[in-house]
Amino acid sequence: MVEQVLQSLAKFLPETTLAATICVAILAGIIVRSRPRLPLLIAFLGVGLSMVFSVQEMGTSQSLFSGMLAVDPFAIFFKIIVGACALIIILFSLYSAEVRIAISRMTEYSSLLVAMTLGMYLMAGATNLLMIVLSIELTGLSSYVLAGYTKEAPDSSEAALKYIIYGALSTGLMLYGISILFGLTGGATDLYSINRALSSTAVNPIALLVATLLIIAGLGYKISAVPFHFWTPDVYEGAPVTITAFLSVASKAAGFAILIRFFKVSFIDANAMGLPAGFWAIVQGFEWNKIIAILSVLTMTLGNLVAVWQNNMKRLLAYSSIAHAGYMLMGVVVLSDKGLAAVMVYFVVYLLMNLGAFYVVMLVANKTGSEDIDSYRGLGYRTPLVSVAMVVFLISLAGIPPTAGFIGKLFLFASLLDAQWIWLAIVGAINSVISLYYYVRIVRNMFLRDPEGDASPIQFSVPQVAILLLLAIPTLVFGLYYSPIVELANASVMMFGVR
Amino acid sequence: MAFLGIGVLSWITFLPIIGMVLILLIPKEKLDAMKWTAAAATFFQLVLAVMIYFNFNKGFTGINSVDGMQLVEKMSWIDIRGVPWFGRISIEYFVGVDGLSVPMVILTALISFIAVFASWNIPKALKGYMAMLLLLDTGMMGVFVSLDFFLFYVFWEVMLLPMYFLIGIWGGPRREYAAIKFFLYTLLGSVLMLLAMIALYFSVTIADPATGERIYTFNMLAMMDAANFQPGSLLAGTGTYWRHLAYIALFIGFAIKVPIFPFHTWLPDAHVEAPTAISVILAGVLLKMGTYGLLRISYPMFPELANYYAWALALVALINIIYGALCAMAQQDFKKLIAYSSISHMGIVLLGMAALNTQGMMGAVFQMFNHGTITAMLFLIVGVIYDRAHTRDLDAFGGLAITMPKYTGIMTVAFFAALGLPGLSGFISEAFSFLGAFQTFRTMTIIATLGIVLTAAYMLWTLQRVFLGQPNEKWASMPDINGREMFTLVPLAVVVLVLGIYPSLLLDLMTSSLNHLVEVVKLGGAAATSMH
């Protein structure tokens, strides 16, 4: 037993590093009061180190702490996404005017950011229902506080409160679902036992459906899928841009990691015969992927249609991120490794383009103090480079070549057509046409309209521009040469204990 | 042909991009430097096009035969070996030309060169304008030389954003509306095309030359061979439900570009609002992409459906011809009139294509080229008076022949070419198209020829209203056409005249390829019928 724990600890190094980072950041904040940004730096180094340890674990596939967690390519992939996102967010935070207002609370900010990252790392690897709930809660609690970090701004507090209420409700629903599943499967909490139980004995289909719907409610809240998305626009609008960006990418990635692992491990028939390579079979004829298909259609359609009417950039990007969750859900519907790889490709791309768009929103808000779409008028003539980069991000979000966003869409549609989910592919395609309309509204304001009032050029510092290019250039390059992303995704679909 | 180890087709495609990068590096004040850089890039492109013309081997077939393609460049672009269940992803940078694409390549180079000079007096943000124009140029050229569907699609989409900006920033009063309408319409078409493309990808495999393993491919030539379709795949077989669906998706994608009624409503808006040079490109080259796509992709990849839907294509062609002409007749706005005349003239291309015989096909491709040069002239002519009078109202003018004799002279060439006067290029291609169509669709062709009468009516009526009659006092002092404007119009007029007298200069280029295309479509259709 002790030996097993020790063995597990060796593979638990990324998480341990993060936990240590939290402590060091807090201590540093208390001891060295003269340098308020020190905790942020420590957070950066800590997350960076944890990523290095994660990358070193590439190729391993084993279970830790008696089936609580798994270290497998799938988990490592999502840890890399979350870690990269955290690093970029820390860089953003250095230049965010909003965060600077509350510079005295930088210690809390940094340590909570790392705590959130830790929660998401655990989400990426959780293979036990208890662990799933715990990691979601760890992520959730840290993010509730961070959403209300700039408490000087009234809507920030509102955002935090809304977030916590919705969070509590959906966790409650999920726990209820888990308890039903627990009963149905004869007291199983880890996903493999659930799978074994479902594969061997028939259970009441209605109860299974109810349990699944309740669990989907909890996970759907995390990835902001319709109809569990109501918190998203308000929280995204009220929270500081850095946290909004973090929630929109990392939190969604971790949510998807759990969603996919939960379904792929528990609800897939491991002994099915006669399927083409890479396709999954469902257990007990329970077609949960149809529920996901409906969810996907609702999510992308509603996200896109409502985004058309938004005038606040953060709200617009919030609805856009809802729509993107809908696109990615399409990859889960197809029940194939191809679909899973497509979701992973999409996450790499989404990380770049979505963070890029939020970064521009932050830069512009720093200078103009406004997140209104009207304040983007004539921006193309005031700060050409930033505006051109924004065009790249938006075009990529709309999925038009030669940007990385197109590659993401291409692989999603490819996996759908390969599995003959043609109607869903058509719905997705039409949705991306709708989405173009609101992305282009921003482009229109930047380039087709003249500045209102202040038309003076806006200058940004060299590091600020460097961060921008760090996101914009890959967005373009991966649009033309995407072998690395696809190879990474291909190598990462493997989960521990699943064929 | 290659320079510096890079093939001529890569040069002709990417020269504008080099020009674009140079222009972006030029300081903001040096407007002349930017204009001349753009002019130089497109000039060299034109020189390359002329070289391709003279080096083109007229006996080669192309279409679905790899050996029949000329100036081929082929290299691996994306090659992911991946894991067994994903299969191997192999995408090639594969370009080449045959008799179908060469006329379009020459047309694109010519029109782009002229468009640069037509943009000489752009009032604002010249740098961005020229950069976008050149990016657009690369997109257009790329579409015509690509033989890999993925590459084709990327180039197809690369054009969208520059076009949006060119209409949206430098256009007329309703530019925002026109630009977004163009963008959304075209994207709707292209996402449908994307789905059809992916479906084709998952249906077609070729043997890897090195290992012999079957791999999925975007190679267009492979997609034209029924033997390459994997049994049991989505688009295998002939005339299946999914093949119909894919054909229709592709058709809508191309139809929006042509534009075919009822997908045409973006065109009048885009044309009216776009600056002159962009209207020239739009009408001169962009519309041809739709018909080119049908001939390059839809016809040879779905031959049985090309036969099956030929009558439907003829029907929409007929609607395009008559409806476009009637709308043109009702216009007050000079530019809108030309825009609707484009719809009518593209109908003739479609009618020729629908005939599925050599005459019709030759007429169609030749008409694509001729419409490109003639409409470009017409838009330039509208641009000349709009620059001077700032109005395009047909009734605001009168008697311009007295004040602007040189202008009227060149205008006459364009107008008569547009209405199909023998001796000018438009006549030959229209005659071929109708000749071909008459053999297949007798009644429809007879009705369609009414379009010629209508065209003559609105063209002559316009000529009368604008150039003849009493001169309008207001424009008495309007200066005649200047040297630069002459420079943009004369080359096109020469092409129109020369091809009108000696059409073989261009027709010979396409004979073998189009003969072959007709054969491919006929054979595919016959094979499908014999199976049922």
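The values are calculated or read from the model by the stated rules, or taken from the named source; none is laboratory data. Because the structure is a prediction, the values reported are computed rather than measured. Every residue, glycine as well, gets a Cβ built from its backbone with ideal geometry; the counts of neighbours run over all protein chains shown.
Only one of A:Phe478, A:Phe496, A:Phe447 is within 9 Å of chain B (Cβ to nearest Cβ) and of a type in the set (Phe, Trp, Tyr). Can you tell me which?
Details: A:Phe478 fails: within 9 Å of chain B (Cβ to nearest Cβ); A:Phe496 fails: within 9 Å of chain B (Cβ to nearest Cβ).
None of the others qualify; the one that does is A:Phe447.
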Inset, instruction - Determine which single condition B:Asp32 fails, assuming it passes every other condition in (1) surrounded by fewer than 16 Cβ atoms within 10 Å (Cβ to Cβ); (2) in a loop (DSSP other than H, G, I, E, B). - result: (2)
Legend entry - Given (1) at pLDDT 90 or above; (2) touching a strand residue (DSSP E or B) at 6+ places or on another chain (Cβ under 8 Å); (3) farther than 30 Å from B:Ile89 by Cα; (4) not polar (S, T, N, Q), index of the condition B:Phe60 fails: (1)
Legend entry - Entirely in the stretch B:289-387, the helices (runs of 4 or more DSSP H) that have 1 or more residues that are more than 30 Å from B:Ile198 (Cβ to Cβ): B:310-329, B:334-354
Inset, instruction - May I ask you to verify whether A:Ser435 is part of a loop (DSSP other than H, G, I, E, B) and either buried (at least 21 other Cβ atoms within 10 Å of the Cβ) or more than 11 Å from every other protein chain (Cβ to nearest Cβ) (or both)? - result: no
Inset, instruction - Please state which of the following conditions B:Glu176 fails to meet, knowing it meets all the rest: (1) within 12 Å of chain A (Cβ to nearest Cβ); (2) touching a strand residue (DSSP E or B) at 6+ places or on another chain (Cβ under 8 Å); (3) among the acidic types (Asp, Glu). - result: (2)
Inset, instruction - Give the residue that is surrounded by the most Cβ atoms within 10 Å (Cβ to Cβ), with candidates limited to residues of the stretch B:75-126 that are out of contact with any strand residue (DSSP E or B) (no Cβ under 7 Å at 6 or more places or on another chain) and within 11 Å of chain A (Cβ to nearest Cβ). - result: B:Phe86
Inset, instruction - Collect the residues in the stretch B:208-247 that are within 12 Å of chain A (Cβ to nearest Cβ) and under 26 Å from the mean Cα position of the chain (by Cα), keeping them in residue-number order. - result: B:Phe218, B:Leu245, B:Ala246
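Any residue in the stretch B:393-409 that is among the hydroxyl-bearing types (Ser, Thr, Tyr), out of contact with any Leu (no Cβ under 9 Å at 6 or more places or on another chain) and surrounded by fewer than 17 Cβ atoms within 10 Å (Cβ to Cβ)?
no
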Inset, instruction - Kindly indicate whether A:Pro384 is touching a helix residue (DSSP H, G or I) at 6+ places or on another chain (Cβ under 6 Å), modelled with pLDDT under 95 and either at the interface with chain B (Cβ under 8 Å from one of its Cβ atoms) or surrounded by fewer than 24 Cβ atoms within 10 Å (Cβ to Cβ) (or both). - result: no
Legend entry - Yes/no for A:Ile467 being within 14 Å of chain B (Cβ to nearest Cβ) and assigned to a helix (DSSP H, G or I): no
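Which of the residues spanning the stretch A:100-155 are charged (D, E, K, R) and not in a loop (DSSP other than H, G, I, E, B)?
A:Arg100, A:Arg105, A:Glu108, A:Glu137, A:Asp155 - these are the residues of the stretch A:100-155 that are charged (D, E, K, R) and not in a loop (DSSP other than H, G, I, E, B).
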Inset, instruction - Look at the stretch A:162-174 and say how many of its residues are touching a Gly at 6+ places or on another chain (Cβ under 9 Å) and buried (at least 16 other Cβ atoms within 10 Å of the Cβ). - result: 8
Inset, instruction - Please work out which residue is farthest from the other protein chains (Cβ to nearest Cβ), limiting yourself to the stretch B:186-207 and to residues that are farther than 18 Å from B:His244 by Cβ and at pLDDT below 90. - result: B:Ala207
Inset, instruction - Scan the stretch A:414-424 for residues that are within 9 Å of chain B (Cβ to nearest Cβ) and in contact (Cβ under 8 Å) with a residue 24 or more places away in the chain and report the count. - result: 3
Legend entry - Enumeration of residues in the stretch A:331-362 that are within 14 Å of chain B (Cβ to nearest Cβ), more than 16 Å from the chain's Cα centre (by Cα), assigned to a helix (DSSP H, G or I) and not basic (Lys, Arg): A:Asp337, A:Gly339
Inset, instruction - Working only within the stretch B:277-303, note down all residues that are buried (at least 24 other Cβ atoms within 10 Å of the Cβ) and more than 17 Å from the chain's Cα centre (by Cα). - result: B:Met301, B:Phe302, B:Pro303
Inset, instruction - Take the stretch B:443-471 and flag every residue that is more than 19 Å from B:Gln331 (Cβ to Cβ) and either among the hydrophobic types (A, V, I, L, M, F, W, C) or over 25 Å from the mean Cα position of the chain (by Cα) (or both). - result: B:Thr443, B:Met444, B:Ile446, B:Ile447, B:Ala448, B:Gln470, B:Pro471
Inset, instruction - Could you check A:Val486 against (1) assigned to a helix (DSSP H, G or I); (2) out of contact with any strand residue (DSSP E or B) (no Cβ under 7 Å at 6 or more places or on another chain) and say which number it fails? - result: (2)
Inset, instruction - Check whether at least one residue in the stretch A:42-50 is free of Cβ contacts under 8 Å to residues at least 40 places away in the same chain, in a helix (DSSP H, G or I) and small (Gly, Ala, Ser), and report yes or no. - result: yes
Legend entry - Residue among A:Leu112, A:Leu69 that is closer than 14 Å to A:Pro39 by Cβ and surrounded by 20 or more Cβ atoms within 10 Å (Cβ to Cβ): A:Leu112
Inset, instruction - Of the numbered conditions (1) within 14 Å of chain B (Cβ to nearest Cβ); (2) part of a helix (DSSP H, G or I), A:Pro276 fails exactly one; give the number of that condition. - result: (2)
Inset, instruction - Look through A:Ile80, A:Ile103, A:Ile89 and report the one residue that is of a type outside the set (Asp, Glu), buried (at least 24 other Cβ atoms within 10 Å of the Cβ) and more than 17 Å from A:Thr16 (Cβ to Cβ). - result: A:Ile89
Inset, instruction - Kindly provide the set of residues from the stretch B:328-347 that are touching a His at 6+ places or on another chain (Cβ under 8 Å) and hydrophobic (A, V, I, L, M, F, W, C), ordered by number. - result: B:Ile338, B:Ala339, B:Ile343, B:Met346
Inset, instruction - Filter the stretch A:388-413 for residues that are aliphatic (A, V, I, L, M) and at pLDDT below 90 and give the result. - result: none
Legend entry - Members of the stretch B:475-532 that are touching a Phe, Trp or Tyr at 6+ places or on another chain (Cβ under 9 Å), assigned to a helix (DSSP H, G or I) and farther than 27 Å from B:Phe427 by Cβ: B:Trp475, B:Arg484, B:Val520, B:Gly524, B:Gly525, B:Ala528
Inset, instruction - Would you mind telling me which numbered condition in (1) at the interface with chain B (Cβ under 10 Å from one of its Cβ atoms); (2) in contact (Cβ under 8 Å) with a residue 60 or more places away in the chain; (3) among the polar types (S, T, N, Q); (4) out of contact with any helix residue (DSSP H, G or I) (no Cβ under 8 Å at 6 or more places or on another chain) A:Ser483 fails? - result: (2)
Inset, instruction - Would you mind stating whether A:Gly497 is loosely packed, with under 15 Cβ neighbours inside 10 Å, small (Gly, Ala, Ser) and over 21 Å from the mean Cα position of the chain (by Cα)? - result: no
